[in-house]
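Everything below concerns the one structure shown next.
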Amino acid sequence: MGLDVYSGPLCRYYSGDWETENARSNRESGLQFTTVRMQPWAFERPAEALEDIEDWRTSLHHEWRPELIRGELVWDESERLPYLSHKIDWEGLHSLIFFLCCLQSPQFERPRTLPENFEDSEIYEAASRDYGESLLAALEAHAYLPSDESFLMPAEDPVGTELFFSSTGRLRSTLDWINAQAWNADRETLNAWLRAQLPAATAAMIAEDGHVKIVPPESGVRNDDRLEHAAQYAYAVLNRVLSFSEKHKVPIRYDW
């Protein structure tokens, strides 16, 4: 099961009025592509979702204020607004999460690949202390609402799925901290990380000069460091999606 990250009006998301990156790429290439979802979309059209989403937003505002937020939860739910979706994949997100943990615990030696059960490691455990206020919690949220405030709250989404919600402001401060500690990457570097994508998880067969060639899964990994390569890709994806969210003042949500 893959993982995409979406930014745009929620009325478009919950009615399926958007495409994943893979679906868009295949359509533009003239290829047939079918996305298999575990459950059908809750609404057939964005206009049908609008009232439910606005009621849901109002209920969140009343539930969270004044303990978690001081201002208003406001964003435009117009179906005319654009959206952006990007493939991040579980390896990418988990690598970025674990890379953050390593940055916060330099006393531990950082592995070059993502441990299979990284959440059981001492490195992850150290970063999990005071979880609600941690950078880790911000990175592990399922959705982000447009706000400069810093909050983290479990709540049902507009269709009753229990998620952890945080703010775009908290995600921005977390991403900025990671970049300052690890890379100081500029826009050109981030674009290069996006183009590099994730290294293949398994060996692949490609045609080259009329012959079939086996490409090992580590092919294309920068500096033989698969963990950092995947973390950089995920960072570039999240930074791009967050910048889109900040420009249009729209939410962000993972899609799996």
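The values are calculated or read from the model by the stated rules, or taken from the named source; none is laboratory data. These numbers were taken from a predicted model, which means no experiment stands behind them. Neighbour counts are summed over all protein chains in view; Cβ atoms, including those assigned to glycine, are modelled from backbone coordinates with ideal geometry.
Given (1) in contact with a His (Cβ under 9 Å, 6 or more places away or on another chain); (2) in a loop (DSSP other than H, G, I, E, B), identify the lone condition not met by Gly2. Failing condition for Gly2: (1). Taking region 183-194 as the range and being touching a residue at least 40 places away in the same chain (Cβ under 8 Å) and either under 27 Å from Ser15 (Cα atoms) or of a type in the set (S, T, N, Q) (or both) as the test, only Asn191 passes.
Condition check: in a loop (DSSP other than H, G, I, E, B), at negative phi, loosely packed, with under 13 Cβ neighbours inside 10 Å and in contact (Cβ under 8 Å) with a residue 12 or more places away in the chain. Does Asp76 satisfy that? Considered against the rule, which asks whether it is in a loop (DSSP other than H, G, I, E, B), at negative phi, loosely packed, with under 13 Cβ neighbours inside 10 Å and in contact (Cβ under 8 Å) with a residue 12 or more places away in the chain, Asp76 comes out as yes. Consider Trp90 carefully, then state whether it is aromatic (Phe, Trp, Tyr), surrounded by 12 or more Cβ atoms within 10 Å (Cβ to Cβ), touching a Pro at 6+ places or on another chain (Cβ under 7 Å) and touching a residue at least 12 places away in the same chain (Cβ under 8 Å). So Trp90 does not fit the description; no. Among residues that are loosely packed, with under 14 Cβ neighbours inside 10 Å, of a type in the set (Lys, Arg) and over 23 Å from Glu149 (Cβ atoms), Arg27 is included.
Looking at (1) surrounded by fewer than 16 Cβ atoms within 10 Å (Cβ to Cβ); (2) in contact with a Pro (Cβ under 7 Å, 6 or more places away or on another chain), find the lone condition where Ser15 falls short. If we test Ser15 against (1) surrounded by fewer than 16 Cβ atoms within 10 Å (Cβ to Cβ); (2) in contact with a Pro (Cβ under 7 Å, 6 or more places away or on another chain), just (1) comes out false. In region 183-256, counting only strands (runs of 3 or more DSSP E) that sit wholly within it, the ones holding 3 or more residues that are at pLDDT 90 or above and not basic (Lys, Arg) span 252-255. Filtered by the rule that a residue be small (Gly, Ala, Ser), over 15 Å from the mean Cα position of the chain (by Cα) and assigned to a loop (DSSP other than H, G, I, E, B), region 5-35 gives Ser15, Gly16, Ser29, Gly30. Mind checking whether some residue in region 37-57 is touching a residue at least 60 places away in the same chain (Cβ under 8 Å), touching a strand residue (DSSP E or B) at 6+ places or on another chain (Cβ under 9 Å) and surrounded by 14 or more Cβ atoms within 10 Å (Cβ to Cβ)? Checking region 37-57: at least one residue is touching a residue at least 60 places away in the same chain (Cβ under 8 Å), touching a strand residue (DSSP E or B) at 6+ places or on another chain (Cβ under 9 Å) and surrounded by 14 or more Cβ atoms within 10 Å (Cβ to Cβ).
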